């Protein structure tokens, strides 16, 4: 058993050794077809590939099929090294640095990192309990630091002030951390469903005095408020949000010091990486690596990585259930501000004309591709 990166490389010096290690960790001696889960397989090509003997399958496969390494030309030994570096580094590793370490291009290492982050994502929703601290942090740059083209695009969308993405943070004292990108809205419609979906109703929640948290005492056992605006940071010894703010520093330090720039489109995976690193912080590096290999199944294709729709749905779950319009018939739309409907219009065109906005951008909000238009949320009536 290796204890550090050097021992890992020494114990698996070639592709054949790495393949055998991956087979042992994935199948534990019983080879299973990734297509039909059949255990009746034939070893071919000297153990590099296998053939399923199920009459309805008969497909050939390798140990990397159905994993983050599937269809990759990068050797398995480089993949294992990358996984170790990502899981061992306290603040992560940039695609440029990983590319230099492995001898691959920056584009390849960037794709590898996103596949690894997808692998690290928690597959099950574990509810937080006991005492849970809740806060929010805003990730993104200032309008003044953006290029002229980006500023022009924001003006076209009617959004020149709210350019950062809000990330909800929830942490159980002595337990796990959850980071959930919400979008550019911090109202009750965006915040409270995220809290209710991740925190047990018997828990005691502690927040700051943001108005969007009002009413949580009706859902949970108790709701304690720390009034930061009144210079109150700790009350009665244990009423504070210092734990979640400390966890936020890990996310912000990794972005500022390592990645430098993170777009809202890919922010969920960076949050997944931070959660993995924080929740398994007490593990040794080698144990954390072995645990990660156990999560290696699942594949993220480059096409899925660069498309907008999949990531937008993860960023804004409250926009997922928008009904599709009836083809050829305009549908009424509602204008929402701070969680309340302030106006109703007969069609998208009518709403755009009255408010001086682009119909295209309102349509993007309705389809979930965009969060706001003109500083408002939009939905079908």
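Annotations
- Filter result (crowded, with 21+ Cβ neighbours inside 10 Å and part of a strand (DSSP E or B)) within region 191-217: 199, 205, 206, 207
- Hits in region 183-194 - residues which are at pLDDT 70 or above and farther than 21 Å from residue 217 by Cβ: 183
- Assessment of region 24-36 against the conditions (in contact (Cβ under 8 Å) with a residue 60 or more places away in the chain and within 13 Å of residue 80 (Cα to Cα)) yields at least one matching residue.
- Among the residues making up region 325-359, those that are in contact with a helix residue (DSSP H, G or I) (Cβ under 9 Å, 6 or more places away or on another chain), at pLDDT below 80 and over 30 Å from residue 214 (Cβ atoms) are 325, 330, 331.
- Residue that is modelled with the lowest pLDDT, among those in region 108-124 that are part of a loop (DSSP other than H, G, I, E, B) and either crowded, with 18+ Cβ neighbours inside 10 Å or touching a helix residue (DSSP H, G or I) at 6+ places or on another chain (Cβ under 9 Å) (or both): 122
- Every residue from region 218-236 that is in a strand (DSSP E or B) and either in contact (Cβ under 8 Å) with a residue 60 or more places away in the chain or within 21 Å of residue 194 (Cβ to Cβ) (or both): 222, 223, 224, 225, 226
- Scanning region 82-97 for residues that are under 16 Å from residue 300 (Cβ atoms) and surrounded by fewer than 21 Cβ atoms within 10 Å (Cβ to Cβ) yields one hit, 95.
- Hits in region 130-164 - residues which are surrounded by 17 or more Cβ atoms within 10 Å (Cβ to Cβ) and modelled with pLDDT of 85 or more: 131, 132, 133, 134, 135, 136, 137, 139
- Residue within region 237-259 that is in contact (Cβ under 8 Å) with a residue 40 or more places away in the chain, in contact with a helix residue (DSSP H, G or I) (Cβ under 7 Å, 6 or more places away or on another chain) and part of a loop (DSSP other than H, G, I, E, B) present: no
- Given (1) out of contact with any strand residue (DSSP E or B) (no Cβ under 7 Å at 6 or more places or on another chain); (2) part of a helix (DSSP H, G or I), index of the condition residue 268 fails: (1)
- Checked against (1) touching a strand residue (DSSP E or B) at 6+ places or on another chain (Cβ under 6 Å); (2) surrounded by 13 or more Cβ atoms within 10 Å (Cβ to Cβ), residue 285 passes all but condition (1).
- Residue count, region 32-81 (criterion: surrounded by 15 or more Cβ atoms within 10 Å (Cβ to Cβ) and within 24 Å of residue 8 (Cβ to Cβ)): 18
To keep it simple, each residue is scored yes or no on (1) over 15 Å from residue 176 (Cβ atoms); (2) in the same structural domain as residue 177 (by TED's automatic domain parsing); (3) at pLDDT 90 or above.
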{"position": "250", "(1), (2), (3)": "no, yes, yes"}
{"position": "254", "(1), (2), (3)": "yes, yes, yes"}
{"position": "258", "(1), (2), (3)": "yes, yes, yes"}
{"position": "278", "(1), (2), (3)": "no, no, yes"}
{"position": "283", "(1), (2), (3)": "no, no, yes"}
{"position": "287", "(1), (2), (3)": "yes, no, yes"}
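- Segments classed as helices (runs of 4 or more DSSP H), wholly inside region 1-107, with at least 2 members that are out of contact with any helix residue (DSSP H, G or I) (no Cβ under 9 Å at 6 or more places or on another chain): 5-11, 15-27
The values are calculated or read from the model by the stated rules, or taken from the named source; none is laboratory data. No experiment lies behind these values; they were computed from the predicted model shown. Counting neighbours? That spans all protein chains shown, and the Cβs are built from the backbone with ideal geometry, glycine included.
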